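Only one structure is covered here, and it is reproduced in the block below.
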Amino acid sequence: SATWDTAAFNFLCYLFDRPSSFEELYCVTFQLLDRIWVESKATYFQFKHVLIATRQRITEALEQRPVSLEQLYELSFLSDLNISNFLADPSSTPTPAAAAAAAASSATSSVATAITA
């Protein structure tokens with residue numbers, strides 16, 4: 001079946017044969033997330049984009065059918081990231097001050113609606 005012949009499933013089969021493999025996979029993934037976060041100079045407003053980029057990168061590495069965690073690490077972490085493709089335009093991401101102002105405006109309009117109702 002095509003469902004059982006996916007890159008992720010084949011890699012999971014490999015992981016079950018190794019003790020502490022899920023911990024190692026977590027570490028590889030977290031190191032990649034950290035690398036993307038640092039190299040992109042992302043703000044906390046862009047964390048969602050960093051998570052998406054990390055998932056994309058791991059998926060791309062799994063599609064190359066690595067046969068070990070070391071190979072997954074090499075495929076996902078050591079190659080160039082091309083950060084500009086991962087994150088949205090920084091000008092479209094609100095600054096903390098703009099986000100606070102929007103939240104305050106929303107709260108004010110909610111209170112005004114409650115008072116008039």
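Observations
- Within region 15-59, considering residues that are farther than 22 Å from residue 69 by Cα and of a type in the set (D, E, K, R), the one least open to solvent (accessible area, probe 1.4 Å): 39
- The helices (runs of 4 or more DSSP H) found wholly in region 8-117 and carrying at least 3 residues that are at pLDDT 80 or above and over 17 Å from the mean Cα position of the chain (by Cα) occupy 21-40, 69-73.
The values are calculated or read from the model by the stated rules, or taken from the named source; none is laboratory data. Predicted, not measured: the structure shown is a model, and the values here were computed from it. Surface accessibility is based on the protein's heavy atoms, side chains included, excluding ligands, DNA and RNA. Shrake-Rupley method; radii C 1.70, N 1.55, O 1.52, S 1.80 Å.
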